[in-house]
1. Which whole-number percent is the relative contact order of segment 79-175 (Cα, under 8 Å, 6+ apart)?
2. What shape does segment 3-257 take by its C-alpha gyration tensor, where a ≥ b ≥ c are the square roots of the eigenvalues and a/c under 1.5 counts as rounded, a/b above b/c as prolate, and the rest as oblate?
3. So how do 123-135, 169-181 stack up, highest first, on mean other-Cβ count within 10 Å?
4. How would you order 55-67, 219-231 from highest to lowest mean count of nearby Cβ atoms within 10 Å?
5. If amide hydrogens are placed 1.01 Å from N in the peptide plane, which non-local residues have theirs closer than 5 Å to the one on ARG75?
6. Taking Cα pairs under 8 Å and at least six residues apart, what relative contact order does the chain come out at, in percent?
7. Kindly write out, for segment 196-209 in residue order, the coupling ³J(HN,Hα) from the Karplus curve 6.51 cos²θ - 1.76 cosθ + 1.60 (θ = phi - 60°), rounded to whole Hz, with x marking Gly and Pro.
8. Which cross-chain or sequence-distant (5 or more) residues have an amide H under 5 Å from the amide H of CYS226, H modelled 1.01 Å from N in plane?
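Taken together, the values in this text are just the output of simple stated rules run on the coordinates, not laboratory data. Computed from a prediction, not measured in an experiment: that's the story for all the values here. Heads up, the Cβs are rebuilt from the backbone with ideal geometry, glycines too, and the neighbour counts pull from every protein chain shown.
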Amino acid sequence: MKSIDLNADLGEANNTEWANDELEMLHYISSANIACGGHAGSDETMSRMIYGAQEHNVVIGAHPSYPDKEFFGRRSFEIGRDIGAQELKLTLIDQIAKLINLADSANEPVRYVKPHGALYNDAMKDSEKADIIASAISSFKQNLIFLGGPNSEMKLAAKKYGLRYVSEGFADRRYTDDGHLQSRKIKGSVIEKQNRRILQAKNIVFNQSVKTASGKEIPIEVDTICLHGDSPGALESAKKIRNQLEKSGVKVMAFANV
C-alpha cells in the first residue's frame with residue numbers, strides 16, 4: 001500500500017478561531033510542525049499543540065525561524081548584516097530546546113525539525129544557512145530528522161552532519177521551473193482553490209510531479225506533503241486531501257515512524 005505523511009505548520013495562531021482550526025487539523029494530519037517562538041508561538045501555544053498532537057497520535061517537530069515575529073519569519077536575514085552566523089545558530093538551538101523541554105514534560109518526543117518561512121526558502125539555495133540549520137539540529141542527541149525541500153542545500157548539509165533528511169512537497173503553493181517555491185510576493189503563489197490543492201497533492205503522491213507556475217510538469221520525490229496552517233481554507237484542505245488520498249488507497253502515516 002502506498003503511504004504518505006501529511007504535515008502542517010501549527011502553533012502560529014493569534015486569534016481563537018484560528019487556534020481552534022489548528023487543533024481541528026490534528027484530526028487529519030500525521031505530523032505537526034510547531035512554531036517555537038521565532039516567528040510565532042509561546043510556551044502556552046506550544047503546550048496546547050503538544051497535548052493536542054498527543055491526543056490524536058500526531059508526531060511533533062520543531063518549526064524554528066529567523067527571530068522575526070514582526071514579519072512572521074517571512075523576511076530574509078543576511079548573515080553579517082542582519083544577524084551573525086553564531087547568533088542564528090544559537091537562536092535556532094534555543095527555539096528547538098524550548099519545544100523539547102515542554103514536550104519532555106508531556107513525555108512526548110520531538111522527532112524532527114523543519115525551518116520556517118524565509119529561513120527555509122533561503123536555505124534551499126544558501127549553503128551557509130543550510131549548514132547553520134544542520135549544525136543546530138545535530139547539537140541535540142535525540143537523532144532529530146531534518147525536514148526540508150528536495151534537491152536543496154539543506155539535503156546536502158544534512159548528509160554532512162549525518163542527519164536523516166526527509167523531503168516535502170506542498171499542496172497549496174506554486175512551484176518555479178527549478179523546483180523551488182514561487183515567491184509569495186507574486187500573485188497566485190498560494191493556491192487558493194480547494195480542487196487545485198487536492199489535484200496537486202494527488203499528483204505529488206501518484207505521479208511524483210507538480211505543474212509549475214509556467215505550466216511545466218517537473219518531477220518531485222517527497223515523503224510528506226505540507227499544508228500551511230495559516231493559508232485560508234487550510235482546515236478544509238486537510239479534510240479533503242486526507243479523504244481523497246485514503247479513498248484512493250493511500251495510507252496517511254508519519255514519516256518519522258517509517
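1. The value is 24 percent.
2. Values: a/c = 1.44, a/b = 1.15, b/c = 1.25.
Rounded is the answer for segment 3-257, as its axis ratio a/c remains below 1.5.
3. In descending order of packing, they fall as 123-135, 169-181.
4. Final packing ranking: 55-67, 219-231.
5. Hits under the 5 Å cutoff: ALA118.
6. Value for the chain: 23 percent.
7. 6, 5, 4, 4, 5, 4, 5, 5, 5, 5, 8, 10, 6, 8
8. Correct list: ASN7, GLY169, PHE170, ALA171.
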